[in-house]
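Quick notes on the structure that follows.
The numbers here are math on the coordinates, done by the rules we state, and not lab data. None of the values given here were measured: they were computed from a predicted structure. Heads up, the Cβs are rebuilt from the backbone with ideal geometry, glycines too, and the neighbour counts pull from every protein chain shown.
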Amino acid sequence: MAEPNPPSQPLSWQKSAWERFNQQLALGHTPHATLVAGPVGVGKTVFAQAMVARLLCETPVASHACDQCRGCRLRLAGSHPDLKVTQPEEGGSGIIRIDEIRQLTEFTHLSSQYGGVRVGLLMPAEAMNRHTANALLKTLEEPPEQVVLILVSHAIEQLPATIRSRCQVLPIPTPASAVATEWLKAQGVDQPAAALHLAGGAPLRALSMVNEQEDARYLELGAAVAGLVRGKGSAVSIAEDWREWGALKTAQLMQRLVSDLRRAQVSQPPEGLPAEALQNMAKRLSAAQLHTLMDQLTKLRMAAQQPLSKELSIEACFLLWTEHAYAH
């Protein structure tokens, strides 16, 4: 799946920290190194990326990046020459290597391509070991002109005192439960209070847990539907296993599956289900059938919101696949 664009605005509960950052920026007192710190799942990375966006924006609006100027367009495209992001290699050891710190150091000594500041974003800072932290220390002690370093830490106590002391610490707090619950509700989470409780009050962690659960259920759904499309299994008995998940969410997941099957018919399938499983299902259903399925599922989603028809709707969701399998 494609990564979403990096955010250009902080989250609602980060207003105080954002005002502090902007006041320093307006006075020309931006620290050469800021350590954005706080618990996991409170939005530190979002805040740090909003800082990056504001620093690189050429025409800020109301203390935020405009997302329209040349600097913003380059940042959103991941190709701004005055931005260097340093983080552990995906699928690697989880450690920031010393070569990556050397590349960051070299970047800080280059001239700005657009006459503004150069920004280095390093996250998470605790992914540095003793050697990489020492390699960064010289840059923190003798920062080049027009360079701003932003470090993100989920566990500030794990960082060497020498690193902490050379950065201005900007704490990101855990939001009040009411604020976090409202935010989760806006993200489409069905039971935000319960999700927040399971995540220890950290809203982004709660959202991640919900999404992971949905992805796991999507794999289960794909396997169940693949059987129905092959003429195996009972739609009614499978629906019983999904009753607790609910008709509305089941129909939504099925629409995601139909969208993936459509893509599989015309190009490479997206991530989520094994490619072979998607392609096998896509071969058994025509484009016209998938179009009809999407329309039928939309109607069932609407029906699922009526209390008296929920049980009927979830069975109808699975029966649709059986009907189309035999109609092919």
> Magnitude of the Cβ-charge dipole of region 12-173, K/R +1 and D/E -1, about the Cα centre, nearest 20 debye?
Replying inline: 220
>> Need one word for region 1-128: rounded, prolate or oblate. Basis is the Cα gyration tensor (sqrt eigenvalues a ≥ b ≥ c); a/c below 1.5 gives rounded, then a/b vs b/c decides.
In response: rounded
> With a 10 Å Cβ neighbour count serving as the proxy for reagent exposure, in which order, fewest first, do TYR114, TYR218 appear?
Replying inline: TYR114, TYR218
>> What do you get for the angle between helix 203-229 and the principal long axis of the chain? Use alpha-carbon atoms, 0 to 90 degrees, nearest ten.
In response: 30
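Does region 195-327 classify as rounded, prolate or oblate by the C-alpha gyration tensor (a ≥ b ≥ c root eigenvalues; a/c under 1.5 gives rounded; else a/b over b/c gives prolate, otherwise oblate)? Walk me through the numbers on the way to the answer.
Details: a/c = 1.95, a/b = 1.30, b/c = 1.50.
Since a/c reaches 1.5 but b/c is at least a/b, the shape of region 195-327 is classed as oblate.
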> Under 28 Å from the Cα of LYS283, which lysines turn up, not counting those fewer than eight places away in the same chain?
Replying inline: LYS232, LYS249, LYS299
>> How high is the relative contact order of the chain? Use alpha-carbon pairs under 8 Å, at least six apart in sequence, and give a whole percent.
In response: 17
> Near ALA133, within a Cβ-to-Cβ distance under 15 Å, what is the net charge of the other residues, with Lys and Arg +1 and Asp and Glu -1?
Replying inline: +1
>> If I build a Gaussian network model for the chain, linking alpha-carbon pairs within less than 10 angstrom, which residue out of VAL189, VAL225, VAL236 has the largest mean-square fluctuation?
In response: VAL236
> By how many nm would the segment from GLU323 to ALA161 lengthen if fully extended, with 0.36 nm per residue of separation less the alpha-carbon distance?
Replying inline: 51.7 nm
> Magnitude of the Cβ-charge dipole of region 152-297, K/R +1 and D/E -1, about the Cα centre, nearest 20 debye?
Replying inline: 300
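Please work out whether the chain counts as rounded, prolate or oblate from its C-alpha gyration tensor, where a ≥ b ≥ c are the square roots of the eigenvalues and a/c under 1.5 means rounded, while otherwise a/b larger than b/c means prolate and anything else oblate?
Judged from the Cα gyration tensor, the chain comes out prolate (a/c at least 1.5, a/b above b/c).
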